[in-house]
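Notes to accompany the following structure.
The values are calculated or read from the model by the stated rules, or taken from the named source; none is laboratory data. All values derive from a computational prediction rather than experimental measurement. Don't worry about glycine lacking a Cβ; one is built from the backbone with ideal geometry, like all the others, and counts go over all protein chains shown. Surface accessibility is based on the protein's heavy atoms, side chains included, excluding ligands, DNA and RNA. Shrake-Rupley method; radii C 1.70, N 1.55, O 1.52, S 1.80 Å.
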Amino acid sequence: MGTNGSTMLEPLRQGLPPLDPSTVSNAASCALPARYEAVREARQFSRRTLAQWDVGDRFDDVCLVVSELVTNALRHAVPADTSLPSAQEPPVRLHLMRWTERLVCAVRDPSRESPVAYDAEEFSEDFSAESGRGLFLVDSFSDSWGWHPLSGSLGGKVVWALFRLHPAE
């Protein structure tokens, strides 16, 4: 997760008790290269991690949302001519953080531009459109989502989605 974990958690308070970074029971992250194959890599990483964490009924929802967040980062936030020196960290990073009853997926990218979400009415007008549904799906399958710019040396932004987890019975 790195040193910016508490920065990423600040906006996750929307009507929920605060999430204390020190109470994270599990956390994992992976750097993703600026190529579309990274979406598959992010899904595979998420599946392995979530299987270890036994998140149960939210497994498919989380994997779908991870795919959408990473796709959006690659499509809208990473410049097409990204050619990074080998020593520089890849431009997109996926973070998964789990508490007892919550899980957060966060994708960091180099852009400070706001993500653009379309509403349901726009989809009903042109449901055959081949793109533009990413954040609509994120909103539909997660319990909450948002974004915020990063400060300091990282720059860019984090787009996150929160999932409530049901306690194991």
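Can you find a residue in region 144-153 that is at pLDDT below 70 and not hydroxyl-bearing (Ser, Thr, Tyr)?
Quick first cut of region 144-153, residues at pLDDT below 70 only: none.
There is no residue in region 144-153 that is at pLDDT below 70 and not hydroxyl-bearing (Ser, Thr, Tyr).
Would a scan of region 52-69 turn up a residue that is over 20 Å from residue 143 (Cβ atoms), modelled with pLDDT of 90 or more and crowded, with 18+ Cβ neighbours inside 10 Å? Looking through region 52-69, none of the residues is over 20 Å from residue 143 (Cβ atoms), modelled with pLDDT of 90 or more and crowded, with 18+ Cβ neighbours inside 10 Å.
Considering each of 115, 110, 33 in turn, give the residue that is open to solvent by less than 80 Å² (accessible area, probe 1.4 Å) and modelled with pLDDT under 90. Reasoning before the result, please.
Details: 110 fails: modelled with pLDDT under 90; 33 fails: modelled with pLDDT under 90.
Testing whether each residue is open to solvent by less than 80 Å² (accessible area, probe 1.4 Å) and modelled with pLDDT under 90 leaves just 115.
Can you confirm whether residue 81 is assigned to a helix (DSSP H, G or I) and at pLDDT below 85? When the stated conditions are applied, residue 81 does not pass them.
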